[in-house]
Amino acid sequence: MAAPPKKANSGPPLLDLTIDNITPNTNRINAQCGDPRLRYIMERLVTHLHDFARETRISTDEWMTALNFLVACGQISSEVRHEFILLSDILGLSLLVDSINHPKPAGSTEGSVLGPFHTHDAPTLAHGSSMSRDPAGEPLLCVCRVRDPRGNPVPGVKVDIWETDSSGHYDVQHEGREEPSERCVMLSGEDDGRFWFRGIRPVSYPIPHDGPVGKLLEKLGRHCWRPAHLHFMFEKEGWDRLITSLYMRGDPYETTDAVFGVKASLIVDLERVDAATAAEYGVAEGTWLLRHDFVLVSEAETAELRDRNAVEALQKLGLNMRLVDHLPVPELD
C-alpha cells in the first residue's frame, strides 16, 4: 500500500525564489530526508549543479541538449551495453571513484576501470584451458599468481578474465552471440595461488562510438581508442575486490587511453615461450607469453587506508565531517 500523501504544509515554507536563493531553498526542502548520507549527497549535488549553472550562465538550449543527451544514453543502453558506464569512463569519473573507494598501499596491484562489457556468464575453466574461440588471434599463454603484500600465495580467489577478439570486439558486440568467448573464470591454486590460461594477444580497439558518448568525443576533438589490454577481477571473502587490467607496453594509445585506465604499474611486457616453458605448459615454442603476479590486500587494510585518506581530504577542504560506515556525513554541533 502506498504511503499517504504528506500534508501541503508539512515542509519548510519556500521563500520568494530567485537566482540567488533557489539553492538554499532546494536544500531546505531536501533536508527533510532522514538518511544523513543521502541528505549530504543531495545537498552537495544541488549546490554544485546550481553553482555550475550560475557560473556558466547555461542557456535553455544547452540545458535541453544535456537532458536529451542523457535520454539518448539510456535509450541505447542494453543488458550488454551500458552507455552511462562509458560516459563515466570518458569523463574520468570511473577511475576517480575506484581510486577513492579502493586505495592501494604501495606494492599492491593498482585498480583500473571495469568498462561496459563485463558479463556474468563467463564459464569457469580449469587451469591451462583456452578462453578464446578466435582462430585469427595470435596465441597467448598467461601464467599468473595471486599473493598478498608479504609474498604469500592467496588460494581460492575467483578470477574473472575477459578481453576482445582479434578484431577488437567483445563477444557481446557481435550479433547472434550464442556463448561467451574471450572470457572465463578461474580459481587461484590452493598451494601456490597460481592460475594460467590460454588466450590471444590483446589488440587496440575503439570504444563504441556510434552513440551519444561517441558523438561527444567527436565534439571534444578526442579519439575513441583504447590500448591493448586484458581485464581481470579478483574476489575472495576478506579481501578487497580488485578490478584491474594489464596493458601491453608500446601500444600507440598507451598514453592517450580514451577512458583513462592506464597506470604505469599496469603496463607489462610480453615475452616468447621458450622450449622449457613450452614443455611445461603444453604450448608451442614461440607463443606469446605474459607472466604477472597480482598482489591483493585485505578488506580491513583497504578500509583503514580509505578512512585515513577521507579524513585528510576533508580536513584540507575545511569540512567538519564524521565517517559513518566509512562514508562522510556532516558533524552536527
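In the condition set (1) in contact with a strand residue (DSSP E or B) (Cβ under 7 Å, 6 or more places away or on another chain); (2) at positive phi, LEU125 is compliant with all but (2).
The listed residues are LEU70, LEU114, and the only one of them that is outside any strand (DSSP E or B) and free of Cβ contacts under 8 Å to residues at least 12 places away in the same chain turns out to be LEU70.
Going residue by residue through the range 216-230, is there one that turns out to be in the same structural domain as HIS118 (by TED's automatic domain parsing), acidic (Asp, Glu) and in contact (Cβ under 8 Å) with a residue 60 or more places away in the chain?
We begin by selecting, within the range 216-230, every residue in the same structural domain as HIS118 (by TED's automatic domain parsing); these are 216-230.
Pick out the ones that are also acidic (Asp, Glu) and you get 218.
After this cut, where a residue has to be in contact (Cβ under 8 Å) with a residue 60 or more places away in the chain as well, the list is none.
Scanning the range 216-230, I find no residue that is in the same structural domain as HIS118 (by TED's automatic domain parsing), acidic (Asp, Glu) and in contact (Cβ under 8 Å) with a residue 60 or more places away in the chain, so the answer is no.
Scanning the range 114-144 for residues that are in contact with a Phe, Trp or Tyr (Cβ under 8 Å, 6 or more places away or on another chain) and either hydroxyl-bearing (Ser, Thr, Tyr) or modelled with pLDDT under 95 (or both), which turns out farthest from VAL159 (Cα to Cα)? Here the answer is PHE117.
In the range 73-96, how many are assigned to a loop (DSSP other than H, G, I, E, B) and in contact with an Asp or Glu (Cβ under 8 Å, 6 or more places away or on another chain)? Explain how you work it out, then say what you get.
Of the residues in the range 73-96, the ones assigned to a loop (DSSP other than H, G, I, E, B) are 77, 79-80, 82, 91-92.
Next, from what is left, pick out any that are in contact with an Asp or Glu (Cβ under 8 Å, 6 or more places away or on another chain): 77.
Selection size over the range 73-96: 1.
Residue by residue, here is whether (1) over 30 Å from TRP225 (Cβ atoms); (2) in a helix (DSSP H, G or I); (3) within 30 Å of the chain's Cα centre (by Cα) holds:
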{"position": "LEU15", "(1), (2), (3)": "yes, no, no"}
{"position": "ASN25", "(1), (2), (3)": "yes, yes, no"}
{"position": "ARG44", "(1), (2), (3)": "yes, yes, yes"}
{"position": "HIS48", "(1), (2), (3)": "yes, yes, yes"}
{"position": "ILE58", "(1), (2), (3)": "yes, no, no"}
{"position": "ASP98", "(1), (2), (3)": "no, yes, yes"}
{"position": "LYS104", "(1), (2), (3)": "no, no, yes"}
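Per the conditions (1) surrounded by fewer than 17 Cβ atoms within 10 Å (Cβ to Cβ); (2) closer than 27 Å to PHE84 by Cβ; (3) modelled with pLDDT under 95, the sole criterion not satisfied by VAL172 is (1).
For the residues VAL268, VAL283, VAL295, the requirement of being in contact with a Pro (Cβ under 9 Å, 6 or more places away or on another chain) and under 29 Å from ILE90 (Cα atoms) singles out VAL295.
Residues satisfying the criterion are present in the range 24-41 (criterion: at pLDDT 95 or above, outside the structural domain of SER112 (by TED's automatic domain parsing), farther than 28 Å from VAL172 by Cα and of a type in the set (A, V, I, L, M)). The residues on offer are GLU280, GLU285, and the sole one that is part of a loop (DSSP other than H, G, I, E, B) and either under 21 Å from SER130 (Cβ atoms) or among the hydrophobic types (A, V, I, L, M, F, W, C) (or both) is GLU285. Among the residues here, ALA258 does not qualify as farther than 24 Å from CYS184 by Cβ and without any contact (Cβ under 8 Å) to a residue 60 or more places away in the chain. Here ALA284 clears all of (1) loosely packed, with under 13 Cβ neighbours inside 10 Å; (2) assigned by TED's automatic domain parsing to the domain that holds GLU271; (3) touching a Lys or Arg at 6+ places or on another chain (Cβ under 8 Å); (4) not polar (S, T, N, Q) except the condition numbered (3). Would you confirm whether any residue within the range 202-223 is surrounded by fewer than 21 Cβ atoms within 10 Å (Cβ to Cβ), part of a strand (DSSP E or B) and in contact with a helix residue (DSSP H, G or I) (Cβ under 8 Å, 6 or more places away or on another chain)? No, the range 202-223 has no match at all. Only residues that are more than 25 Å from GLY193 (Cα to Cα) and out of contact with any strand residue (DSSP E or B) (no Cβ under 7 Å at 6 or more places or on another chain) were counted across the range 242-284, and they come to 6. Only one entry in ALA276, ALA303 is exposed (fewer than 12 other Cβ atoms within 10 Å of the Cβ) and either within 20 Å of THR244 (Cβ to Cβ) or more than 28 Å from the chain's Cα centre (by Cα) (or both), namely ALA276.
The values are calculated or read from the model by the stated rules, or taken from the named source; none is laboratory data. Everything quoted here is computed from the prediction, not taken from an experiment. Please note: Cβ atoms are built from the backbone with ideal geometry, for glycine as well, and neighbour counts cover all protein chains shown.
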